[in-house]
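What follows is a set of notes on a single structure, which appears directly below.
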Amino acid sequence: MVSGFLTKSGENYALTQSSQAFLDKRSPAYMGAAIDFVASPQMLSLFFENPAAFVRNGGSVGLANVAPDNPIWVKFARAMGAFTGASAKALASDVATWSKLPSKVLDIAAGPGAFGIEIAKVSPSASVVAIDWKPVLTVTEENATKAGVAERFTFCPGSAFEVDWGSGYDLILLPNFLHHFDRDGCVTLLKKARASLVPEGRAAIVEFVPNEDRVSPEFPAAFAFVMLATTPKGDAYTERELTEMAKSAGFRAIETKPLPPSPASLIFLE
């Protein structure tokens, strides 16, 4: 009660409306799966085992050497469901305003599938190709089935760097992905995106984007530390850095906008 998580009436305690949204297992915003991942032994060891080392080295081994079939990736996908739901809906709401809705969509590192699923909802004729590790795609398919759009999904297992993406896409989704890699890795992915789009197609990036001072806003700036502790070369990139990467990959038009209620930003590339 002191922290505002509970209400009290006589001898009875109850969750507040906000607490219920995040702590009730029946809520779509339930954060229990996210805590299971963040507090997993693998993640806690990354942060606390030797923090001086990843600061000195500019990164850590992180989960880079974990096999694709390790259960941690499924745990990660389930954890991201609650985190990405609001952002996915906000992105889809933007896409829904386009004069021509996308009919062929690629969802890179699909995870729980939230972004591809929400696009499928606003664009009834859209087909979606989802790329991720094979065990993770079972979570993607499970959620697409619950949403009633699984028949429009194709599942492509493997690394986004290695598998053939195909071509002819109107929209390529790269949500919460580029921050895992260094500049060269990001440009490589963006070049694959540009080559896989139709001439008038767009790529949609969702990222936590700090200001040029790299200490504000609070969440995107702090997220850079998370990448330092958990990836070999990842980072939270500024708008200028993302723009430079996009231009290096062949994109000419870059539009950045906020993505409320998330602290993330939405970047469209053409």
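The values are calculated or read from the model by the stated rules, or taken from the named source; none is laboratory data. Keep in mind that what you see is a predicted model, and the values were worked out from it rather than measured. No Cβ is skipped: glycine too gets one built from the backbone with ideal geometry, and neighbour counts run over all protein chains shown.
Summary table below
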{"read-out": "Identity of the residue in the stretch 1-24, in a helix (DSSP H, G or I) and more than 20 Å from the chain's Cα centre (by Cα), that ends up nearest to Ala88 (Cα to Cα)", "value": "Ala21"}
{"read-out": "Residue within the stretch 251-263 that is more than 24 Å from Val95 (Cα to Cα) and either in contact (Cβ under 8 Å) with a residue 24 or more places away in the chain or touching a Ser or Thr at 6+ places or on another chain (Cβ under 6 Å) (or both) present", "value": "no"}
{"read-out": "Odd one out for Ala79 among (1) at pLDDT below 80; (2) within 29 Å of Ser159 (Cβ to Cβ); (3) under 18 Å from the mean Cα position of the chain (by Cα); (4) among the small types (Gly, Ala, Ser)", "value": "(1)"}
{"read-out": "Members of the stretch 165-182 that are in a loop (DSSP other than H, G, I, E, B) and out of contact with any helix residue (DSSP H, G or I) (no Cβ under 9 Å at 6 or more places or on another chain)", "value": "Asp182"}
{"read-out": "Verdict on Ala88 being touching an Asp or Glu at 6+ places or on another chain (Cβ under 8 Å), of a type outside the set (Val, Ile, Thr), under 18 Å from Ala130 (Cα atoms) and assigned to a helix (DSSP H, G or I)", "value": "yes"}
{"read-out": "Residue tally, condition crowded, with 20+ Cβ neighbours inside 10 Å and more than 18 Å from Val163 (Cα to Cα), over the stretch 114-130", "value": "9"}
{"read-out": "Test: residue in the stretch 183-195 that is of a type in the set (S, T, N, Q), part of a strand (DSSP E or B) and surrounded by fewer than 20 Cβ atoms within 10 Å (Cβ to Cβ)", "value": "no"}
{"read-out": "Matching entry among Ala120, Ala79 (being without any contact (Cβ under 8 Å) to a residue 60 or more places away in the chain and over 23 Å from Lys25 (Cα atoms))", "value": "Ala120"}
{"read-out": "Any pair with Cβ under 7 angstrom, 6 or more apart, that starts in the stretch 83-107 at a residue that is over 20 Å from Ala193 (Cα atoms) and ends at one that is small (Gly, Ala, Ser) and not in a loop (DSSP other than H, G, I, E, B)", "value": "Phe83/Ala34; Thr84/Ala114; Gly85/Ala114"}
{"read-out": "Residue that is among the small types (Gly, Ala, Ser), exposed (fewer than 14 other Cβ atoms within 10 Å of the Cβ) and at pLDDT 95 or above, where the choices are Ser248, Ser216", "value": "Ser216"}
{"read-out": "Count of the stretch 219-245 residues which are aliphatic (A, V, I, L, M), surrounded by fewer than 16 Cβ atoms within 10 Å (Cβ to Cβ) and over 27 Å from Ala53 (Cβ atoms)", "value": "0"}
{"read-out": "Residue list for the stretch 162-185, filter: among the charged types (D, E, K, R) and without any contact (Cβ under 8 Å) to a residue 40 or more places away in the chain", "value": "Glu162, Asp164, Asp184"}
{"read-out": "Matching residues, the stretch 40-59, being of a type in the set (Gly, Ala, Ser), modelled with pLDDT of 90 or more and surrounded by 14 or more Cβ atoms within 10 Å (Cβ to Cβ)", "value": "Gly59"}
{"read-out": "One residue from Thr243, Thr256 being outside any strand (DSSP E or B) and farther than 30 Å from Ala67 by Cα", "value": "Thr243"}
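So that you can scan it fast, the table gives a plain yes or no per residue for (1) at pLDDT below 95; (2) among the aliphatic types (A, V, I, L, M); (3) more than 17 Å from Ala246 (Cα to Cα):
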{"residue": "Pro124", "(1), (2), (3)": "no, no, yes"}
{"residue": "Val129", "(1), (2), (3)": "no, yes, yes"}
{"residue": "Lys134", "(1), (2), (3)": "no, no, yes"}
{"residue": "Glu141", "(1), (2), (3)": "no, no, yes"}
{"residue": "Glu151", "(1), (2), (3)": "no, no, yes"}
{"residue": "Cys156", "(1), (2), (3)": "no, no, yes"}
{"residue": "Glu162", "(1), (2), (3)": "no, no, yes"}
{"residue": "Trp165", "(1), (2), (3)": "no, no, yes"}
{"residue": "Ala193", "(1), (2), (3)": "no, yes, no"}
